[in-house]
1. Simple spin-label model, 7 Å along Cα-to-Cβ: Glu25 to Gln82 in nm?
2. If I take every Cα pair under 8 Å that is 6 or more residues apart in region 198-353, average their sequence separation and divide by the length, what percent do I get for the relative contact order?
3. Residue separation times 0.36 nm, minus the C-alpha to C-alpha distance between Gln18 and Glu299: what's the value?
4. Mind checking the full-extension length gain between Arg377 and Ala292? Use 0.36 nm per residue of separation minus the Cα-Cα distance, one decimal, nm.
5. Once you've got the Cα coordinates, tell me which of Lys15/Lys325; Lys230/Lys325; Lys295/Lys325; Lys152/Lys188 are over 25 Å apart.
6. Return the distance in nm (one decimal) between the two label points of a simple spin-label model at Val320 and Arg48, each offset 7 Å from Cα along Cα→Cβ.
7. List every residue whose amide H lies under 5 Å from the amide H of Met192, counting only residues 5 or more places away in sequence or on a different chain, with H placed 1.01 Å from N in the peptide plane.
8. Stretch Glu278-Gln363 to full length: gain in nm at 0.36 nm per residue minus the Cα-Cα span?
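All of the numbers you see were taken from the coordinates with simple rules; none came from a lab. Bear in mind the structure is a predicted one, so any value in this text is a computation, not a measurement. Note that we place each Cβ from the backbone using ideal geometry, even for glycine, and neighbour counts take in every protein chain shown.
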Amino acid sequence: MTKAHMAMLAAESRKLEQAGLYRPETIHPAHIVDFTSQDYLGLTSDPRLSTAARAALETHGLGAGGSRAFTGTREVHRELEQAVARFLQVPDAIVLGSGYLANIGFYEALFDSRDCLFCDALVHPSTAEGIRLSSATAFPFHHGDVEDLEDKLQRSRSARFRAIATDGVFPFDGRVAELDGICGLAEKYDAMVVLDDSLGIGALGETGRGARELRGMIARVDVVTGTFGKALGAGGGFIAGRREVIEWLRQKATPYLFSIALAPPLAAAARAALDLLERGEAPLATLRGHIAAIKRELEARGFEVLGGEHPTLAVSVGGVVVLQKMVNSLYERGIHVHGLCYPVVPEGQARIRLEITARHSAQDIGRAINAFELAGRALGVI
């Protein structure tokens, strides 16, 4: 590696620091209450998942030792795939090493230059990368704008196949996708609907089946991708949907063919998490109580709070300077949050993102509300 290259990297890193965009990796003191974790159901420390993982460790060992296509498949992988398909109420599912790999592998395997893929402008980077790798013509549509989506669908009649990709939940404000409009257009223009519900599975819907359940769209979405690493508290990812699609992915999805299979203990933990949801034992009621309480109390104090259906809430603060000061002030008061500013969100619409979990106690929620009120009044936000 040349000295010039090294010098350039060091200079660019310094620019990130000076712009306040450098992302340090920090282990926070025990007294800090974390409102950035996406462990929505608190299952990462659930003893039932730990017990399942420990049993798989003793039976299958720590790692799989090969890809699923060669020597890496264990019975625990097949059991997890069956559990995913059953829980999501689809014919079949395939398990991969992460949700990111699921999105990378899906589009490249199913689409090529003869096809057109339509994606919400704010889809997860893994979806955008998967679409790029597929070589299909990409048509990003304005965020949440089904009229713009239809305009682009009308201009793609020569495509062999078409698919519409969207996140189930958008991470900057907890907004749930307009699935009814998207599915209606897919049916009108003969397009596949692909939903990345990584943030929705385990957190949305009466039984935690995600954005499709919340919106009554279970039968109308063709393919669901997601992760076991957020609300489900484990690790790994999946693609679930029509049997023909899943069978083809087993033959052609490169992350499935050429990456080490999901570690058996993680697969067993993910299966245990799905079982908890199936039995109605996951703390969904606690989670939703926390979401409602913090939204209600912050709004009562004068804050504008975006979202409310999902554990992701966004508190509007205005400009980036105020945002930085408020994030720091909250941390000094023992509350860790994420600040979002331009270009992640529109200029002048900086916001603080709160991730609510069932692990938070009533005392944690109260501390956060009090800290927001003190910091917001001191900085003129409220």
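1. Modelled inter-label distance: 3.8 nm.
2. On the way: 197 pairs, mean separation 22.7, N = 156.
About 15 percent, as a whole number.
3. Values: separation 281, 0.36 × 281 = 101.16 nm, distance 3.36 nm.
Separation in residues times 0.36 nm, less the Cα-Cα distance, equals 97.8 nm.
4. Values: separation 85, 0.36 × 85 = 30.60 nm, distance 2.23 nm.
My answer for the length gained is 28.4 nm.
5. Long pairs (Cα-Cα over 25 Å): Lys230/Lys325.
6. About 4.6 nm, to one decimal.
7. For Met192, the qualifying residues are Arg162, Ala163, Ile164.
8. On the way: separation 85, 0.36 × 85 = 30.60 nm, distance 2.95 nm.
Full extension from Glu278 to Gln363 adds 27.6 nm.
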